[in-house]
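Have a look at the structure below, then the notes.
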């Protein structure tokens, strides 16, 4: 099925329509927003088979993976947003301040306007529906740009969206580079881009021209640090699962494993066992293993594997015409190996033998901040050492990938991994601006705020100083006099109390 | 007045490197350390208040009351807030209760971004540099400040005092003009906070650096029923403080044509009370930052097609612009084009509030919309139909001083926030984490491993969220159904109890 691209001259019209629909004010109603959020969920629920078939056609993805990740995360987000729109959009007061509270200071989240969401090919469904839900919750109009590399899915979404959602507020634009360029010329009120750093720079430069705020969710090369004392069977299963889901095309997938040299053979065995358990008839014949999105990407991955100086322990099987790259384990990889030069984004797992956890941490810190760090260990000290001495978008112990599924955990990168968040309230926050307000009664000027009007006087300066916040204790000073006072007071009360008790006891004691 | 010493361009990358290395050392991990540094900002100011006041008087002709009110007081508040809240803001947070996810210990915690750059304009050097610095430090970052070269005395003082009070490796001041700023922007920062909007955004785009920005042109809408004396005072106060060099300053007033005369009469009274000996002799009027800016503002006044009713004078060599009010200004006047950033208020007569709203909507989103009215409906009408960073009633500018109310724009007035927890969040990354015990796989999660079973949906159900109700009549039916069930249940229960008691069905008791 071929994907029809949106005509270039239609693109500014779509933007204008969305803007007009936003300005009509109908997204102000919370009930309206909730209805639209629910409709996103039903857009998926009513068409589950068609979406599963689309992912199979575009990505060779097994249905279970589509259900677990794409559907699961969409439904969770729809439920969370639906239940929380009122709370998230409620007007709130800042922390109480005696000098200011009578001016009724308030904050209210308001929509930014017309937002753009651009998603990559690997999980095009939830990476569009989740930001869409956040944008709707915030009261925005939204335009979605699905990836052109998943034509069946993208055509399906373009067909279904106007059937379920308000067709003037929410749109799909399909296309390739020329269409994307046209889209980026327009002034958006926020752009959420999920993808890679190279394209992110182009988007950020285009956005800068209009001062458009951005959320960037990019990739990274995610490391696993293994404690030799951990249960290798459990670790191997969970690491391999994270690597082979969606044929390795997951931005959170573990890419390389840092393991002490002497433990490498045991980990290789455990991984091999997991591999055999996962694919008893071999991965190519398995209904539980996906395909690479395009032949070009498959070739890219094959080239990296061909150039490696490491040892291929299992896998290495390839069929470019079928876009098949077999789950592959490469051991004895060094940090300067070709497989370490870029994000593989395929089902190839690397083992890098190290001396100890310090060397592992040093290797992780010498590279760009990853989206996630995975620690496999049952020892709290080991876990804490790794967590505290590294930086990452997320950190997981004895697990890979699943932070995305936990409703309420913000997903976001750091450094080259991007900035901002998606999912949950933090995703919602990206799509609103906090409008502050206050209402100052006239009497305030007579009693409190008179000194602000010229001509300024010495009396006014004195009044102003009396309103200033006290500073914290000067660093280096002894305990503050205030706490000294409390201690003294407490001591006095205790002394007085015990004297009274002692006196009474003495009174009651029989006179000898 | 000492000349400002510019940082040598070759030293700029070295400073960046020093800050980065100091950050990587992990020194800022300690909450105690952060609090100490925050307190030191306070003492940097307090111990040297006289010198700060003198510097600001030299640079901006500022009276100590204005320096106290706009620069020192809000910064002391911010220091108090940051100091008292670091523990709370940085402690790990959980997610909404979920039985399924609870065993995996999902959490997230604020972590520093790294090395942060704060670029400030000339108008409020302390507020715009040290206030955000407090929250950047609370978040655990290293910080480099770039003050304006247009306030040489203040910027020089900052460069002298910062290393005396603050950790000299983590916190730096870089001074300079365009070449130095360009050099600064070539480097890779983990976050920047600043003003020269589009230029900074584009430089940031190259490095995928997140940015916080602010820009302005703020309208006032006047209700003819308002207490006109109060309105005149508070509007002129907001326009003339700091000689109009405030981003939140009211730029123009939309007033019903029939009320213009009344408003202006009230303003004339206020003007006399502010400057009893005339503004040029007043010690309560600040000066424009530079001769160039003063010349620019005078040019705008000279070109106006409106009528000057107050002020209009200037002495650009002394950087003096008289507080000026111009009436009968039209939408395309010189005063309505570029931002004035000076003490010149334009009065724009309109037919009614609807025309006022349309006038505002036809322009870029401002940093603030001000409404002067005691009528709640009037206030709501204007705010609901406009968009801005702030929406304030019966006052101008003061929202920036309220602790807990962030200053932030939308659209052309910028994005991101200054102040309190919002600043802290801009300077942090929320790192998500989870810790998955092995037993979870046995109990719930084993279905995720290949080979996938045909009946996988059975296992997945436990993890799948329940959808929101489908919009349409089904929504009310399910609620009614639920209520109906419980009412029926209660009735049945109650009636069978009654019947049993009445003995009617005594024969059935034998069965029990």
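None of the figures in this text is laboratory data; all of them are computed from the coordinates on show. Predicted model, so just to flag it, every value in this text is computed and none were measured. Quick reminder, even Gly has a Cβ in these numbers, built from the backbone with ideal geometry, and neighbours come from all protein chains shown.
With neighbour counts taken as other beta-carbon atoms within 10 Å, the residues B:8, B:128 rank, fewest first, as B:8, B:128. With the helix formula -39500 (n - 2.57) applied to DSSP H stretches of n ≥ 4, chain A reaches a computed 222 nm mean residue ellipticity of -13500 deg cm²/dmol. Computed as a quarter of the hull surface, the mean projected area of the alpha carbon convex hull for segment B:137-189 stands at 4.1 nm². Our note on the geometry: Cα centres of segment B:239-307 and segment B:404-426, 28 Å apart. Taking the C-alpha atoms only, the angle from helix A:151-164 to the longest principal axis of chain A is near 50 degrees. A Förster distance of 30 Å, applied to the separation of the beta-carbon atoms of residue A:229 and residue B:25, puts the FRET efficiency at 0.55. By the beta-carbon count within 10 Å of each Cβ, the least crowded to most crowded order of A:71, A:314, A:431, fewest first, is A:314, A:71, A:431. Considering only the Cα atoms of segment A:1-156, their convex hull presents on average a projected area of 11.3 nm². The relative contact order of segment A:353-512 comes to 12 percent, based on Cα pairs under 8 Å that sit 6 or more residues apart. Quick check: Cα centre of segment B:110-134 to Cα centre of segment B:37-91, how many Å? The distance from the Cα centre of segment B:110-134 to that of segment B:37-91 comes to 13 Å.
Decide, for chain B, between rounded, prolate and oblate: order the square roots of the alpha carbon gyration tensor eigenvalues as a ≥ b ≥ c, take rounded if a/c falls under 1.5, and otherwise choose prolate if a/b is larger than b/c, else oblate. Oblate, because a/c is 1.5 or more while a/b does not exceed b/c. Report summary: the helix-based calculation at 222 nm, which adds -39500 (n - 2.57) for every DSSP H run with n ≥ 4 and divides by the residues of chain B, gives -13000 deg cm²/dmol. The per residue volume of the convex hull around the alpha-carbon atoms of the protein assembly as shown is 269 Å³. Compared with the dominant Cα axis of chain B, that is its longest principal axis, helix B:228-240 is turned about 70°.
Given axes a ≥ b ≥ c from the Cα gyration tensor, I'd like to know whether segment A:267-333 is rounded (a/c under 1.5), prolate (a/b larger than b/c) or oblate. Oblate shape, in that a/c is at least 1.5 and b/c is the bigger or equal ratio. Between the C-alpha center of segment A:148-168 and that of segment A:213-253 there is a gap of 31 Å.
With all pairs of different C-alpha atoms in the average, the Kirkwood value for the hydrodynamic radius of segment B:272-379 is 15.5 Å. Stretching the chain fully between residue A:502 and residue A:96 yields a gain of 141.7 nm (0.36 nm per residue, less the alpha carbon separation). With angles folded into 0 to 90 degrees, how steeply does helix B:31-46 sit against the dominant principal axis of chain B? Use alpha carbons for both and round to 10. Helix B:31-46 sits at roughly 20 degrees to that axis. Legend: ranking of residues B:217, B:91 from fewest to most surrounding C-beta atoms inside 10 Å; resulting order B:91, B:217.
Mind running the shape call on chain A? Use the C-alpha gyration tensor, a ≥ b ≥ c as the square roots of the eigenvalues: rounded below 1.5 for a/c, prolate if a/b tops b/c, oblate otherwise. Cα axes put chain A in the oblate bin. The mean sequence separation of alpha-carbon pairs under 8 Å and at least six residues apart, normalised by the residue count of chain B, gives a relative contact order of 17 percent.
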